[in-house]
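Asks: Supplied in structure tokens, the structure appears directly below.
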Ligand SMILES: [Zn+2]
């Protein structure tokens with residue numbers, strides 16, 4: 001333990017920590033990033049799939065939208081239509097990421113709801129850069145590039161750019177996430193509360209919320225989250241001597257309402273919603 005950490009712990013622990021109310025608040029503060037990660041995951045993944053489904057519907061094809069995938073009837077689609085349907089999901093994710101990030105930076109980084117906007121931005125960028133990184137293997141951009149007749153070299157170059165940008169983004173976001181931990185948390189608690197918890201516990205719990213899932217989606221969902229390791233590294237190396245003025249708080253009523261709405265949206269789609277012509 002560094003002198004800095006020791007000073008933080010001894011000088012800034014709130015006096016109510018020993019009471020049961022203090023314990024509840026401590027737990028609320030500690031689990032808030034994980035809960036908001038789960039809400040932000042659902043608010044990105046399911047609308048991403050809806051973007052594929054709505055685009056295919058607008059182009060004249062029926063589809064069935066599920067909570068984490070979509071089955072469009074696109075056997076007769078032209079290359080251009082197939083490309084539009086494939087890129088609609090990641091384009092929406094990028095838009096959600098950019099808008100959430102701008103709102104976070106401009107308005108909410110010093111408000112309690114800021115952590116939700118930060119998680120929305122991370123998940124939005126992740127659902128765009130993930131398919132970029134996977135372009136040579138599979139996924140949305142792989143489908144679009146194959147229909148566009150792209151060369152293997154171009155696919156590899158796009159994948160390589162994604163493999164550079166995704167870790168860099170997560171490293172930066174890990175530093176940003178760590179600023180949302182209370183100043184009286186030790187470095188270990190900061191890293192677990194803001195990055196390891198959302199990544200490992202959050203991914204397991206949100207997968208349970210999404211069940212039933214086809215088996216071909218479960219493993220990629222866990223493996224695909226591996227770039228969160230760079231957020232963990234970012235949180236480990238973040239300079240906590242420059243403390244950002246974050247309103248660290250326990251779970252709020254808005255947190256519960258947003259999370260409940262996100263989970264309800266997921267559960268309403270588990271049997272599929274048919275967008276028919
Ligand atoms: Zn997609």
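The values are calculated or read from the model by the stated rules, or taken from the named source; none is laboratory data. Treat the numbers as computed from the prediction; the structure is a model and nothing was measured. Note: ideal-geometry Cβ built from the backbone for every residue, glycine included; neighbour counts use all protein chains shown.
Asks: Between 157, 132, 190, which is touching a helix residue (DSSP H, G or I) at 6+ places or on another chain (Cβ under 6 Å) and either closer than 30 Å to residue 79 by Cα or not in a helix (DSSP H, G or I) (or both)?
Replies: 132
Results for (1) more than 21 Å from residue 255 (Cβ to Cβ); (2) at pLDDT below 95; (3) surrounded by 22 or more Cβ atoms within 10 Å (Cβ to Cβ), shown as yes or no for each residue.
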position: 76; (1), (2), (3): yes, yes, no
position: 94; (1), (2), (3): yes, no, no
position: 97; (1), (2), (3): no, no, yes
position: 103; (1), (2), (3): no, no, no
position: 118; (1), (2), (3): no, no, yes
position: 125; (1), (2), (3): yes, no, yes
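Asks: Within the stretch 130-151, track down each residue that is more than 13 Å from the ligand (Cβ to nearest atom) and over 17 Å from residue 83 (Cα atoms).
Replies: 133
Asks: Could you list, ordered by first residue, the pairs with Cβ atoms under 9 Å in which the first is in the stretch 49-69 and more than 23 Å from residue 38 (Cα to Cα) and near the ligand (Cβ under 10 Å from one of its atoms) and the second is modelled with pLDDT of 95 or more and in a helix (DSSP H, G or I), at least 6 apart or interchain?
Replies: none
Asks: Also, I was wondering about something else. Give me the pairs: first residue in the stretch 80-97 and over 18 Å from residue 66 (Cβ atoms), second residue more than 13 Å from the ligand (Cβ to nearest atom) and assigned to a helix (DSSP H, G or I), beta-carbon distance under 6 Å, and six or more apart or on different chains, which are they?
Replies: Close Cβ pairs satisfying both conditions: 82/147; 83/147; 97/121; 97/125.
Asks: Condition first: free of Cβ contacts under 8 Å to residues at least 24 places away in the same chain, touching a helix residue (DSSP H, G or I) at 6+ places or on another chain (Cβ under 7 Å) and either farther than 14 Å from residue 38 by Cβ or surrounded by 21 or more Cβ atoms within 10 Å (Cβ to Cβ) (or both). Now tell me which residues in the stretch 194-235 satisfy that.
Replies: Selection gives 218, 222.
Asks: Filter the stretch 238-262 down to the residues that are surrounded by 17 or more Cβ atoms within 10 Å (Cβ to Cβ) and not in a loop (DSSP other than H, G, I, E, B) and list them by number.
Replies: 255, 258, 259, 262
Asks: While we're on this one: Which one of these is touching a helix residue (DSSP H, G or I) at 6+ places or on another chain (Cβ under 7 Å) and over 24 Å from residue 72 (Cα atoms): 178, 151?
Replies: Checking each option against the conditions leaves just 178.
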